[in-house]
Amino acid sequence: MRPLKQVLALKRWVVMVLVSGMLSLISTEAASQAVPGAPSHLKIGIVSFLSGAAASPFGIPSRNAAEVLIEVINAGKAPAPYDKPGIGGVPIRAVSIDEAGGADKQVAELRRLVLDEKVDLVIGYISSADCLAVAPVAEELKTLTVLFDCGTNRIFEEKSYKYVFRTKGHQIIDNVGAARYVRKVKPNLKTIAGINQNYAWGQDSWATFRDSVLKLKPDVRVVSEQFPRLFAGEYSAELSALLAARPDVIHSSFWGGDLEGLVIQATPRGLAEQSLLVLTTGDTMLPRLERDIPPGVVIAARGPHGALAPKSKLNDWFVNIYKDRYGVRPVYPSYHMSQALLGVKAAFEKAIAANKGRWPTIVQVIAAFEHLEFETPSGPIKMVLGKGHQGVEPSVFGITGPFDPATGEVKLTNVIEFPAECVNPPEGMASEDWIKRGFPGAKCP
Amino acid sequence: MNTLIIIAVDGVIFASWLFLISSGLTLIYGVMRILNIAHGSLYTLGAYAGASLVIAYFGRGFWPQGSYLVLLGAALVVGLISGPLIERGLLRWMYGRDQVFQLLVTYALFLILEDVVKLVWGVNPYYAYKPYGLLGQVRLGGIIYPWYSFLLFAVALLAGVLLWLFVTRTRFGRLVVAVIYDPEISTAMGVNVSRVFVVAFTLGAMLAALGGAFTAPMIAVVPGIAVEVIVLAFAVVVIGGLGSLEGAALGALIVGLVRAAMVHVFPVLELFTIYLVMAVVLLVRPHGLFAREEVRRI
């Protein structure tokens, strides 16, 4: 009897699956028909590091965010204003691509995504070198490409693009913000030093921070500028040099494993007690090093993300769906991914509305995307720079305090948010000039 | 004066680390004439094994100082398992082939092992930094150093001395030297060359794993840590003369000191230091500091 019962149960199960499958087919069909001229699905190429050293701190957390967000958005379970299923009712289908392999490979991969995979748009790129290389190619391919995480300010300051957008602030906000923050918490600042990885990101971040501090307080002296190799792992000599120089403030844009290695090696040597350590990407290590993060270290999250995200329903929702799926809280690359996806959804849905409810052309989507302002878990993002293609964000900093068992992380105190207008150059002005001229037009509290 | 002391200390600390990561590479090259790129993977395996065993060890609440023995044990286990496996399972089919071919084989092995590491340990970092701060600190030249840095020096020194004693003072070590000089004559004289190869490769693998295991407490152990290490190790070995243990030690010391001086005096050039040393040494001694005269066979 029992086997028969099992077979029957199985049959029932199969029937249920089939029926629900058919129902979901009908419902997606119905959804896509809700917008006349809409495709059956919207294919998005998602590019982030899935291998190499940038995978674990950035690539995987952003891929994960894309995965869970697309699933929830497709199911129509996102909160307002993103509660419509998919994008204007059209389900999203994602193709995930590994960003590893260098800029040339990414250019080839982008062509493959567009020409072979026939994606409708691309969201991607963590490395600034990749962003700089793919932007002109995206333009040539006439494919909407949303840069979601790379930091360089050069993209829209050196060229203008029609098909390329970036839904987050560039590295200027991290380092101008850091300069303003140390000026506030250490008014008697006399000496600064830096330890940054020896490649474009580290050099640009340090130059921006140094020049901003010197502009804000011209009597400050630079006492040590350390540039260890990327992925060096061993920082004994650099730390000795910083300890010997005794600067008031040490700036670092180290990221991922390098950042954690630096903190692990600096802590027993008392660096954080001797100098105010400013870590512009520090948020990613908070859930990882837990209670072993020394107190008194300045932490940023490259914008209002992670531990420094604003309290909002949208943020609670994002943190919950991410935590439920992956067991850890989202870090800033996950937030950057949410900004890109929600920005695309907002732009498409605005374009549909502008197109009297019909599915828009890509040019109409671009028109809707330019100068768009949309809500995200990190607060509102305004696309105001780069002729409406470059977003701005506020810049937030806090200082590590005691361990909080409730969150499993150290608490951040002295949190200060600098509004976007305070840490971004005005439209049409290159960041370098803006800093050189003493931040004209900056609106700071 | 203080700066000089600090430069010397930093130089020696970095040199110890360099020697740990490069001595195995030069030993394997000396005996087997194989440039083993998979050396980097053995370093990674040592780091991961060391990190996960130390995490488990502290998880059980055992005597904290014992974690150093755990690191040592991890290196021995990785070396003893992977050494014979790689040598007997793969490399012994490659002897006598073109060096470029052997290089490609060990490179392929490097790529495979990188993925094996991801399969076993995943992509999330492992943190085993407790042993790093455990021994406390010492003040030297006015700044604080963790004792762990000097433990690293002791481990490197001990590994170097033991290796040197093994090669020069034991019977088997002398057989190794004989094989280094002429494998064919050694075979003719009745030396079991394939056994020498297994032992040498296993020793080399153990040294690589030792470097990885004792680096693990200083870093976040993540995929991809080997790439940087293999490049540095190659540079040190080339400076010292391929296959020379004394060369690796002296090469590591020179690079360590020059680099430390650069970090303190002219940090922007740090990136370039090791290659500068390499260029200068190779200009004066094209085969490295301690290279043997090569007899060209016609």
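Coordinate-derived values only; no laboratory data. Since the model is a prediction, treat every value here as computed from it, not as a measurement. Please note: Cβ atoms are built from the backbone with ideal geometry, for glycine as well, and neighbour counts cover all protein chains shown.
The helix-only estimate of mean residue ellipticity at 222 nm for chain A, built from DSSP H runs of length n ≥ 4 each weighted as -39500 (n - 2.57), is -13500 deg cm²/dmol after division by the residue total. Subtracting the Cα-Cα distance of A:Lys443 and A:Val363 from 0.36 nm times their residue separation leaves 25.4 nm of extension gain.
Please state the relative contact order of chain B as a whole percent: Cα pairs under 8 Å, 6+ residues apart? Here the relative contact order equals 37 percent. Using the membrane-span-like helix rule (whole DSSP H runs, Cα extent along the own axis of at least 15 Å, mean Kyte-Doolittle hydropathy at least 1.0), which helices of chain B qualify? Helices meeting the criterion: B:2-32, B:67-89, B:99-121, B:147-169, B:171-181, B:193-215, B:226-240, B:245-265, B:270-284.
What ranking of B:Leu35, B:Leu111 emerges when the number of other C-beta atoms within 10 Å of each C-beta is taken as an exposure proxy, fewest first?
On the way: B:Leu35 18, B:Leu111 12.
In increasing order of surrounding Cβ atoms, one gets B:Leu111, B:Leu35.
With a cut-off of 15 Å between beta carbons, the residues surrounding B:Ile143 carry a summed charge of 0, where Lys and Arg count +1 and Asp and Glu -1. According to the Kirkwood relation over distinct C-alpha pairs, the hydrodynamic radius of the protein assembly as shown is 28.0 Å. Going from the fewest other Cβ atoms within 10 Å to the most, the residues B:Ile143, B:Ile28 appear in the order B:Ile143, B:Ile28. For the residues A:Pro136, A:Pro402, A:Pro247, a GNM of chain A with alpha-carbon springs under 10 Å puts the largest fluctuation on A:Pro402. In plain terms, the residue of A:Cys444, A:Cys131 with the fewest other Cβ atoms within 10 Å comes first and the most crowded comes last, giving A:Cys444, A:Cys131. Counting charges near A:Gln226 (Lys, Arg +1; Asp, Glu -1) among other residues having Cβ under 10 Å from its Cβ returns a value of -3. Among B:Val117, B:Val284, B:Phe197, whose Cα lies farthest out toward the positive end of the dipole of the range B:2-284, if unit charges sit on the beta carbon of Lys, Arg (+1) and Asp, Glu (-1)? Result: B:Phe197, furthest along the dipole toward the positive end. Based on the Cα coordinates of the range B:2-284, what is the per residue volume of their convex hull in Å³? Taking only Cα atoms, the range B:2-284 has a hull volume of 139 Å³ per residue.
Between A:Thr191 and A:Asp83, the contour length at 0.36 nm per residue exceeds the alpha carbon distance by 33.8 nm. Along chain A, counting only GluC sites (Glu not before Pro) with a DSSP assignment other than H, G, I, E or B and at most 16 other Cβ atoms inside a 10 Å radius, the longest segment between sites is A:118-369.
What is the range B:189-298 by shape, rounded, prolate or oblate, if you read a ≥ b ≥ c off the alpha carbon gyration tensor as root eigenvalues and call it rounded for a/c under 1.5, prolate for a/b larger than b/c, and oblate otherwise? Oblate is the answer for the range B:189-298, as a/c is 1.5 or above yet b/c matches or exceeds a/b. For A:Ala207 and A:Arg221, the difference between the fully extended length at 0.36 nm per residue and the C-alpha to C-alpha distance is 3.7 nm. The residue among A:Ser127, B:Leu45, B:Val70 whose Cα reaches farthest toward the positive pole of the charge dipole of the protein assembly as shown, with charges on the beta-carbon of Lys, Arg, Asp and Glu, is B:Val70. Say a site is exposed when it is one of the GluC sites (Glu not before Pro), sits in a DSSP loop, and has at most 14 other Cβ atoms within 10 Å; what is then the longest site-free stretch of chain B? Excluding the exposed sites themselves, the longest stretch runs over B:1-292. Normalising the average separation of contacting C-alpha pairs (under 8 angstrom, six or more residues apart) by the number of residues puts the relative contact order of chain A at 16 percent.
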